[in-house]
Amino acid sequence: MPLRDLLRENERAAVPLRICAESGPWPLHGSAAAKALEALALAGRAGGELMEHAGLGVARLARALAPSAGLVEIWCGPGNNGGDGYVAARRLHQAGTAVRVRECGVPGRLPADAAQARRRAQDAGVALGSPAQAQGDAAVPPDLVVDALLGLGTTRAPEGVLADAIGRIGAASASGALVLAVDLPSGLHPDTGQPLGDAVVRADHTLALLSLKPGLFTAHGRDLAGTVWFDRLGHRGGGVPGDAARPTAWLAGPSRRAALPHASHKGRRGDAWVVGGAGGMLGAAALAARAALAAGAGRVYVSLLARDERSDLDPIRPELMHRPFEAASAQLLEGCTAIVGCGGGEAVRECLPRLLAKAPRLVLDADALNHIAGAPELQRLLRGRAERGQASVLTPHPLEAARMLGTGSAAVQADRLAAATTLAQHSAAVVVLKGSGTVVAAPAGLPRINPTGNAALATAGTGDVLAGWLGGLWAQAPGSDAFEVACAAVWQHGHAADVARPFTENRGAPLLAGDLITALASSA
């Protein structure tokens with residue numbers, strides 16, 4: 001079944017939908033919320049009905065992904081995830097696809113619905129075998145492998161038979177087989193996107209069932225889940241606000257710049273002010289300033305903090321207006337959107353008290369964050385901004401976030417949603433925790449995970465571009481909610497890298513920060 005036909009199918013037939021950057025926003029449910037949602041979906045249904053829906057969705061997607069597969073191999077685990085695999089095996093077998101099942105659970109110990117699904121698969125003539133029998137499988141390699149080993153309830157690192165099965169799935173993938181994971185790649189934490197241990201499935205595709213889990217979209221989740229598909233299993237309800245089944249976070253949706261009125265002029269498009277560029281780091285401030293200009297700010301001022309003879313030169317664009325920080329007027333200080341810290345070095349420390357006290361809108365990046373992390377008086381000034389009606393956005397990478405939280409970067413990465421939310425609450429500011437699946441969090445409300453961007457952004461200066469772009473957008477809409485502006489900037493920043501990806505991949509090169517600004521200007 002071609003993918004285009006699959007997407008046109010009636011949703012009552014358990015049709016998976018492809019989740020992409022253009023398709024959001026989508027609610028995300030952590031493990032506790034997903035289990036509560038599953039309980040709601042099961043209420044009033046006949047035994048095994050939900051599993052039948054799930055297995056049908058797996059079978060349909062498997063046929064769409066590999067319509068000419070000579071053999072589909074399904075690894076079934078000891079729980080209900082394995083039950084979904086048994087249903088998929090039966091459905092594929094009945095459709096005429098050759099299926100081989102490898103069982104990693106004890107048949108007599110399966111949950112009731114999974115045990116029933118196994119019996120029905122066996123009665124239909126599906127070939128069931130133990131992992132030990134997989135030793136001879138090399139003679140007939142599969143074209144598609146379905147990972148139905150472990151699901152939502154797994155909290156421990158896979159070991160023993162399950163770890164060995166994950167290794168065999170990896171070997172099949174290395175030999176050219178497509179890998180389709182059921183609900184989650186086995187060994188991936190559903191909430192954090194971190195592997196539970198050394199054994200984890202790397203899937204080409206993942207079919208999320210009933211709910212989308214945050215771990216599929218942040219940390220290592222995007223690499224391990226591959227292309228994510230979603231099957232609601234016919235369930236539309238999500239409970240009522242405040243109950244256990246409410247979303248944990250949101251996957252951000254598309255964000256485009258609105259068309260400008262024809263009668264616009266620069267005075268109506270706001271002012272952005274970049275403070276940074278200490279000795280040896282002029283380029284960081286220049287990139288941020290260029291990005292703010294490309295985002296559409298009417299005027300962009302730059303206060304370079306370098307103390308040498310180059311500090312008064314315009315290194316990039318003649319459109320940028322230079323102002324020594326000490327000479328900045330009260331009108332500029334109290335009327336602009338300030339982007340602070342890009343290449344700021346030690347010199348930015350002296351600027352922070354005045355900016356934290358007076359600037360109505362602050363984007364704090366890099367060295368500004370590092371200085372605040374080490375200075376309790378600056379932390380108090382930052383927290384007090386919200387009480388004074390001044391808005392702040394912090395754009396840390398994991399190490400900068402760790403310094404502000406007084407922990408290590410590994411702890412931040414272990415639970416990115418929790419780290420971003422905690423930092424937002426502690427600082428009374430919006431936090432953009434950069435990385436794969438950038439998290440945007442506010443002191444109150446649900447965080448969002450950004451679906452755009454790719455590894456081409458892993459190059460020097462792209463974070464400076466993000467800070468400048470965010471400040472440039474915010475300058476044009478000074479009354480806008482800081483959280484919404486941050487989400488828009490992050491989405492557009494990643495989307496520009498996605499648009500440019502074919503070009504960078506063909507060159508075998510990263511996306512240079514200066515080229516990213518050009519891509520942003522043309523794609524946002």
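The values are calculated or read from the model by the stated rules, or taken from the named source; none is laboratory data. Fair warning: this is a prediction, and the values are worked out from it, not measured in the lab. Note that we place each Cβ from the backbone using ideal geometry, even for glycine, and neighbour counts take in every protein chain shown. Ligands, DNA and RNA are excluded from the accessible area calculation, which covers all protein heavy atoms including side chains. Shrake-Rupley method; radii C 1.70, N 1.55, O 1.52, S 1.80 Å.
Rolling a 1.4 Å probe across the protein heavy atoms gives the chain an accessible surface of 40 Å² per residue. Sort region 389-478 into rounded, prolate or oblate with this rule: let a ≥ b ≥ c be the square roots of the eigenvalues of the Cα gyration tensor; rounded if a/c is under 1.5, and if a/c is not under 1.5, prolate when a/b is larger than b/c, oblate otherwise. Oblate. Label zone of Thr155 (point 7 Å out along Cα→Cβ, amide N under 11 Å): in region 32-48 this covers 32.
In summary, the aspartates and glutamates within cross-link reach of Lys35, defined as a Cα separation below 17 angstrom excluding same-chain residues under 8 places away, comprise Glu49, Asp84, Asp113, Asp183, Asp191, Asp231, Asp243. Reported to the nearest whole Å, the Cα centre-to-centre distance from region 143-193 to region 33-89 is 15. Listed by chain and number, the aspartates and glutamates whose alpha-carbon sits under 16 Å from that of Lys358, ignoring those within fewer than 8 places in the same chain, are Asp271, Glu326, Glu334, Glu350, Glu377, Glu387. Going by the alpha-carbon gyration tensor, a ≥ b ≥ c the square roots of its eigenvalues, is region 285-378 rounded (a/c under 1.5) or, if a/c is not under 1.5, prolate (a/b greater than b/c) versus oblate? Prolate. Backbone amide hydrogens, once placed in the peptide plane, bring Leu212 within less than 5 Å of His29, excluding anything fewer than 5 places away on its chain.
Over the residues of the chain, the helix contribution to mean residue ellipticity at 222 nm works out to -12500 deg cm²/dmol, using -39500 (n - 2.57) for each DSSP H run of at least 4.
For region 328-404, the square roots a ≥ b ≥ c of the C-alpha gyration tensor eigenvalues yield an a/c of 1.5 or more together with a/b exceeding b/c, which makes the shape prolate. Residues whose amide H comes within less than 5 Å of that of Thr206, counting only those at least five positions distant or on another chain, are Ala181, Thr227, Val228, Trp229 (H built at 1.01 Å from N in the peptide plane).
Estimated at the nearest 10 Å², the accessible area of Met404 is 40 Å² with a 1.4 Å probe. Under 5 Å between amide hydrogens, built in the peptide plane, is the criterion, and for Trp250 it picks out Leu28, Arg448, Ile449 among residues at least 5 positions away or on other chains. When its C-alpha radius of gyration is set against 2.2 N^0.38 Å (N residues), the chain gives a value of 1.09. Our summary gives the chain a relative contact order of 13 percent, counting only alpha carbon pairs under 8 angstrom and 6 or more residues apart.
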